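Visitor: This structure is in structure tokens; I'll ask about it shortly.
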Amino acid sequence: MSKAKKRIFALAVPAALAVILAAQFNPDEISRDRDWEEFLSKAEMTVEKQMTGPGAVTNPYKMLLEMDGRKRFAAWKNPQGRMGGAMEGWMWEIAAYRLDRWLGLNMVPVTIERRFRENRGSLQLWVEGTFPYLEIMEGRTKMPGGMKGVLLNRQVYLQRAFDDLIYNEDRHANNILITDDWRMILIDHSRSFRTSKASLTTLLYNPKSRTHPGTISALPSAFVEKLKALTPEIVRTIVESYLTKKEIEAVMVRRDLILKEIDRLIALNGKAQVLY
């Protein structure tokens with residue numbers, strides 16, 4: 001369907017999604033994570049194209065991977081250091097994927113480390129059949145009535161909570177992807193895991209922010225419990241060498257800020273309105 005035309009979906013939201021109320025890869029897809037990780041690490045890899053231009057600061061490569069008759073696209077990148085006025089790091093792509101899975105959000109595509117032309121970098125499975133959230137914001141894509149209001153808001157709150165935790169400064173409506181069955185997928189995390197003073201004192205998403213205005217008004221109880229259980233040792237085990245000690249400490253500080261904000265919201269609006 002042409003992007004120039006408005007997508008109009010007449011079908012109702014899938015019943016399973018209505019129950020889960022959490023935009024994510026589904027359990028069947030998650031069960032194949034290890035298989036996809038192996039595929040990404042071993043498949044023959046050739047360049048499909050390199051993405052350049054204003055919207056591709058890190059100049060990632062779209063790769064074609066082939067193994068045992070199976071073909072899939074993936075994105076490879078290896079930014080390191082200051083690019084386009086901001087610090088970039090390919091290792092943060094891998095850390096974001098691993099942390100996403102441990103938290104049970106399941107919103108980040110499978111991502112591993114793989115060398116290309118002798119350079120280390122991140123390789124992320126390409127998710128087919130998606131369109132950017134920007135299309136919804138601009139009115140080019142029409143959503144089914146069942147996805148409006150609470151359902152859509154809860155997906156956005158999950159995205160904000162995750163970006164608050166990893167302090168992803170580069171989140172925008174073009175790297176939030178929506179599947180044709182209305183699940184939210186998050187890509188581009190090479191500007192995450194900041195350790196600046198600002199990243200340790202205020203949540204990235206807050207009503208006063210000029211760049212990331214918003215809140216985390218309602219979250220799944222299971223996700224909040226996972227946050228509470230998070231420790232520096234657990235983070236280190238999850239991310240291995242892809243985060244420094246300072247970056248892990250910053251994650252824990254932001255974890256505490258998120259939990260403090262949740263407590264504030266519960267005191268203000270009641271537990272039933274904040275946790276589900």
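Visitor: By how many nm would the segment from residue 153 to residue 120 grow when fully extended, if each residue of separation counts as 0.36 nm and the alpha-carbon distance is taken off? Each step should come with its number before you reach the end.
Guide: Working: separation 33, 0.36 × 33 = 11.88 nm, distance 3.73 nm.
Difference between extended and current length: 8.2 nm.
Visitor: Given a Förster distance of 22 angstrom, what is the FRET efficiency for residue 198 paired with residue 263, based on the Cβ-Cβ distance and rounded to 0.05? Please list the in-between numbers first.
Guide: Working: r = 22 Å, r/R0 = 1.00.
According to the calculation, E is roughly 0.50.
Visitor: Can you order the peptides 162-168, 116-122 by their average number of other Cβ atoms within 10 Å per residue, highest first?
Guide: 162-168, 116-122
Visitor: Next question. Taking the beta-carbon count within 10 Å as an exposure proxy, list 233, 240, 169 from fewest neighbours to most.
Guide: 233, 240, 169
Visitor: Kindly state, to the nearest 0.05, the FRET efficiency for residue 50 paired with residue 86, given R0 = 22 Å and r defined as their beta-carbon distance.
Guide: 0.65
Visitor: Applying a 10 Å radius around every beta-carbon, put 199-208, 170-179 in order of their mean neighbour count, most first.
Guide: Order by mean packing, descending: 170-179, 199-208.
Visitor: Is the shape of the stretch 53-103 best called rounded, prolate or oblate, per the rule: a/c under 1.5 gives rounded, else a/b larger than b/c gives prolate, else oblate, with a ≥ b ≥ c the square roots of the Cα gyration tensor eigenvalues? If you can, show how the numbers build up before the last one.
Guide: Values: a/c = 3.00, a/b = 1.34, b/c = 2.25.
Judged from the Cα gyration tensor, the stretch 53-103 comes out oblate (a/c at least 1.5, b/c at or above a/b).
Visitor: Continuing with the same structure: Among 81-91, 41-51, how do they line up from the highest to the lowest mean number of other beta-carbon atoms within 10 Å?
Guide: Numbers: 81-91: 15.5, 41-51: 13.6.
Those peptides, ordered most packed to least, come out 81-91, 41-51.
Visitor: Restricting to DSSP H runs of at least four residues, report the calculated mean residue ellipticity at 222 nm for the chain, -39500 (n - 2.57) per run over all residues, nearest 500 deg cm²/dmol.
Guide: -11000 deg cm²/dmol
Visitor: Describe numerically, in nm with one decimal, the distance between label points set 7 Å from Cα along Cα→Cβ at residue 273 and at residue 32.
Guide: It is 4.2 nm.
Visitor: In a solvent-free Debye calculation with one equal scatterer on each Cα, what is log10 I(q)/I(0) for the stretch 78-218 at q = 0.13 Å⁻¹, listed in the order of the q values?
Guide: Listed by q, the Debye log ratios stand at -0.60.
Visitor: Longer than 23 Å from Cα to Cα, which of 62/246; 42/77; 197/271; 49/77 are they? Say none if no pair is.
Guide: Working: 62/246 32 Å; 42/77 17 Å; 197/271 31 Å; 49/77 12 Å.
Distance filter (> 23 Å) returns 62/246; 197/271.
Visitor: Could you calculate the contour length gain from residue 70 to residue 211, that is, 0.36 nm times the residue separation minus the distance between their Cα atoms, to one decimal place in nm?
Guide: Working: separation 141, 0.36 × 141 = 50.76 nm, distance 4.12 nm.
Contour length minus the Cα-Cα distance gives 46.6 nm.
Visitor: If you average the alpha carbon positions of the stretch 153-190 and of the stretch 27-89, how far apart do those two centres end up, in angstrom?
Guide: 18 Å
Visitor: Suppose the Debye formula is applied to equal point scatterers at every Cα of the chain; what is log10 I(q)/I(0) at q = 0.12 Å⁻¹?
Guide: Rounded to two decimals, the profile gives -0.77.
Visitor: Another one. What residue among 214, 139, 69 has the largest mean-square fluctuation in a Gaussian network model of the chain, using Cα springs under 10 Å?
Guide: Of the options given, 69 has the highest mean-square fluctuation.
Visitor: I need the per residue convex hull volume for the stretch 181-276, using only the alpha carbons, in cubic angstrom as a whole number.
Guide: Spread over its residues, the Cα hull of the stretch 181-276 gives 140 Å³ apiece.
Only the coordinates and a few stated rules stand behind these numbers; no lab work does. These figures come from a predicted structure and were not determined experimentally. Every residue, glycine as well, gets a Cβ built from its backbone with ideal geometry; the counts of neighbours run over all protein chains shown.
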